[in-house]
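Participant: First the structure, then my questions, so here it is.
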Ligand code: ADP
């Protein structure tokens, strides 16, 4: 309560003093004041009190004080009332326009300081809007009451209020913002302090010469030099305070008939020119200082951004340089844009010495099978031609790596088309391990299959012997046991073969070529038909739809198709003739989707994904022989070609297996490259 009272009291005193000071400068013969500090003080007070609880009291006090002071200094009641209306309108319009134009500014609803040139121009606009509104009431009221007012009087009204608001509001918005945010006292370097002092001395001297000394010379405008100096060099808040002090000096001297404007005969014209001068001082000083601040801020931001970018670049360089994988960027003309130390080391330390990539022979680059690598097969050449190169394996053998090193290379075009990025990865250890595993698998298979062959041989012998023996219960028992041994041995042979196939599909290097899928499928289905005929089972019926050529390893592809067709034939109910449809469609992403649909027993619900796991068997009962590895092999084959495989139900009963493979790279695949090219 006491705080609110104090606030209102402070405002009343301030308003009283400012109004009284203004009324002391009334022009002869009119009721118009030449200087009106109350305009600026009011606008500033109302701006600062936007959020005060008792702010509604302020306009009342303003009205009362304007009324009392005007009447006390000789204005008739009616005129004083008009002045109240003019003052209230002026401040209301200013507040509204300013809040609209600069809502982010402290004093206009926000928190930001007056720090940009745009803020100054918006403040000026709001000021002009407010004073125009006030001037539309004040001078006409004088004319109405006293019967005489000139255009010059109106101009004086408008100018004095504009200058007053602009100067006092600018000072208040700057100082008030500092005050509210707590002054941050920074140590000012001695040289800068000396500059402040020098400017103050120069300003006082210049204004003393310009205004106090009555030499009759029009020396006003050279005085702007000190304002320009301040605006260019010193703190913006100091600049507005400097403008206010110099402006006050200029107006006071002019009112007392001294200074360069005193030579103007008419009292109003003289005051008008003095006000314009003060306005100019304020605008020049502030716009220079704010423009300079903005430039400095922009420069600081640019430097910060530059520093951050440099730090980022440095970090990236450090990361790339410390990587064990090689990374290089090759320009379209074949020159290196960058390469990390690992990329050189992986090539055995061999460089071209010219900054441009040399031919493959220079680096000792070969295909993994040892055949020389042609120029056109270099990863960067293929990537520059628009291909995405993934894990292309190369053998590097030169003086730096006499034992040879297998490097997997990937390359792709950079966005913006100015080169390709090439990544090298050493896979020598992995390949060695894979080869060892493959030879181990070969040995194990050989070692396991040998005793099985012996078991089969001896079982056959035993069978012959048993057949020659009389039909007794013991003979029948022995024959039954023998057939169990033969079946178990057959299952074991299957398992070993599947395991071998699994390790091969997992680890073998795939060599994709364009394959005529139709030829391959015809081969596989014919073989299946022959098998059925020899086993006296019903021959399956195959319906082949359109089959697109694919880009795949022919051996693995045959294994894939054979497995799926074999399953489709196998998993049919007894007595049912298997009907199998095989067709393909082209889909997006350069893939071919192949579908194999059967009329078999179908896949139990919930097991459509699990059947692709190792050793998962969905039909353990029903006498269907198998190891549960076939679909795991299929999945592996498809995935190694970059495709995928799923199992669904056939809507007409049975199941459907759908897999994708890359489409053939050429339009017409020659018959010569047939599915069994490597088999
Ligand atoms: P298996 O050696 O048992 O045939 P697979 O991995 O080839 O092993 O198949 C896994 C399981 O998926 C099979 O045991 C079977 O239950 C099921 N399955 C595979 N193909 C079909 C099919 N065409 N129709 C119904 N079930 C199938």
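Throughout, read-outs are computed from the coordinates displayed, never taken from laboratory work. Predicted, not measured: the structure shown is a model, and the values here were computed from it. Note that each Cβ is placed from the backbone with ideal geometry, even for glycine, and that neighbours are counted across all protein chains shown.
Participant: Between residue 576 and residue 136, what is the spin-label point distance in nm, taking each point 7 Å from the Cα along the Cα→C-beta axis?
Facilitator: In this crude spin-label approximation the distance works out to 9.2 nm.
Participant: How would 601, 582 line up from fewest to most surrounding beta-carbon atoms within 10 angstrom?
Facilitator: Lowest to highest Cβ neighbour count: 601, 582.
Participant: Further question: Taking the Cβ of each residue in 377, 598 as the centre, tally the other Cβ atoms inside 10 Å and list the residues starting with the fewest.
Facilitator: 377, 598
Participant: Debye sum, Cα scatterers, region 375-466, no solvent: what log₁₀ I/I(0) at q = 0.13, 0.15, 0.25 1/Å?
Facilitator: After summing over all Cα pairs, the log10 values are -0.64, -0.74, -1.14.
Participant: Pulled fully out, how much extra length does the chain show between residue 658 and residue 201, if you take 0.36 nm times their separation in residues and subtract their Cα-Cα distance?
Facilitator: Numbers: separation 457, 0.36 × 457 = 164.52 nm, distance 9.25 nm.
The residue 658-residue 201 span can extend by a further 155.3 nm.
Participant: Rounded to the nearest 0.05, what FRET efficiency is calculated for residue 464 and residue 390 with R0 set to 45 Å and r the Cβ-Cβ distance?
Facilitator: Taking R0 as 45 Å, the efficiency between residue 464 and residue 390 is 0.20.
Participant: Restricting to Cα pairs below 8 Å that are 6+ residues apart, what does the relative contact order work out to for region 20-173? Please round to a whole percent.
Facilitator: For region 20-173, the relative contact order is 33 percent.
Participant: Do you know the relative contact order of region 273-407, to the nearest whole percent, from alpha carbon pairs under 8 angstrom that are 6+ apart?
Facilitator: Relative contact order, region 273-407: 15 percent.
Participant: Another one. Determine, for 570, 635, the number of other Cβ atoms within 10 Å of each Cβ, and report the residues in order from fewest to most.
Facilitator: Taking fewest neighbouring Cβ atoms as first place, the list is 570, 635.
Participant: Could you calculate the FRET efficiency of residue 64 with residue 265 from 1/(1 + (r/R0)^6), where r is the beta carbon distance between them and R0 is 25 Å, rounded to 0.05?
Facilitator: Approximately 0.05, to the nearest 0.05.
Participant: Arrange the peptides 360-368, 331-339 so that the one whose residues have, on average, the most other Cβ atoms within 10 Å appears first.
Facilitator: Ranked from most to least packed, the peptides come out as 360-368, 331-339.
Participant: Tell me whether region 314-422 comes out rounded, prolate or oblate; compute the Cα gyration tensor, take square roots of the eigenvalues as a ≥ b ≥ c, and use a/c under 1.5 as the rounded threshold.
Facilitator: Values: a/c = 1.62, a/b = 1.19, b/c = 1.36.
Judged from the Cα gyration tensor, region 314-422 comes out oblate (a/c at least 1.5, b/c at or above a/b).
Participant: Across 10 Å bins from the origin, how do the percents of Cα pairs in the chain run, short distances first?
Facilitator: 3, 11, 14, 12, 8, 6, 6, 8, 10, 9, 7, 4, 2, 1, 0, 0
Participant: Distance from a point 7 Å along Cα→Cβ of residue 186 to each backbone N in region 296-319: keep the residues under 17 Å and list them by number.
Facilitator: 296-304
Participant: If you wrap a convex hull around the alpha carbons of region 338-492, what volume per residue comes out, as a whole number of Å³?
Facilitator: So the per-residue hull volume is 166 Å³.
Participant: Using only Cα atoms, locate the centre of region 160-200 and the centre of region 339-398, then give the distance between them in Å, rounded to an integer.
Facilitator: Cα centres, region 160-200 to region 339-398: 68 Å.
Participant: Follow-up question, since we're still on this one. Compare the peptides 187-200, 42-55 by average per-residue count of other Cβ atoms within 10 angstrom and give them in order, highest first.
Facilitator: Packing order, densest peptide first, comes out as 42-55, 187-200.
Participant: Under the rule a/c < 1.5 gives rounded, and otherwise a/b versus b/c splits prolate from oblate, where does region 1-129 land using the Cα gyration tensor?
Facilitator: It is oblate, given that a/c is not under 1.5 and a/b is not larger than b/c.
Participant: Hey, another quick one. Please grab the % of Cα pairs in region 524-615 that end up more than 23 Å from each other. Mind dumping the intermediate values first?
Facilitator: Details: 1328 of 4186 pairs.
Pairs farther apart than 23 Å: 32 percent.
Participant: Further question on the same structure: For residue 437 and residue 625 in the same chain, what is the full-extension length gain: residue separation times 0.36 nm, less their Cα-Cα distance, in nm?
Facilitator: On the way: separation 188, 0.36 × 188 = 67.68 nm, distance 2.80 nm.
Roughly 64.9 nm would be gained on extension.
Participant: May I pose another question? If I take R0 = 30 Å and measure r between the Cβ atoms of residue 121 and residue 175 in this structure, what FRET efficiency does the formula 1/(1 + (r/R0)^6) give, to the nearest 0.05?
Facilitator: Efficiency, rounded to the nearest 0.05: 0.90.
Participant: Applying a 10 Å radius around every beta-carbon, put 545-555, 429-439, 383-393, 340-350 in order of their mean neighbour count, most first. Write out the running numbers ahead of the final one.
Facilitator: Working: 545-555: 20.3, 429-439: 12.8, 383-393: 14.5, 340-350: 18.6.
Result, highest mean first: 545-555, 340-350, 383-393, 429-439.
Participant: Could I ask something else about it? At 7 Å along Cα-to-Cβ for each site, give me the label-to-label distance between residue 493 and residue 4 in nm.
Facilitator: It is 10.6 nm.
Participant: A further question follows. Along the Cα→Cβ direction, 7 angstrom out, place labels at residue 354 and residue 73. What is the inter-label distance in nm?
Facilitator: Taking the two extended label points, one gets 9.1 nm.
Participant: For a test of the definition: using alpha carbon positions, the gyration tensor, and the 1.5 limit on a/c, classify region 478-536 as rounded, prolate or oblate.
Facilitator: It is oblate, given that a/c is not under 1.5 and a/b is not larger than b/c.
Participant: Grab the Cα-Cα distance for residue 475 and residue 526, subtract it from 0.36 nm times how many residues apart they are, and report the gain in nm with one decimal.
Facilitator: Once the chain is fully extended between residue 475 and residue 526, it gains 14.3 nm.
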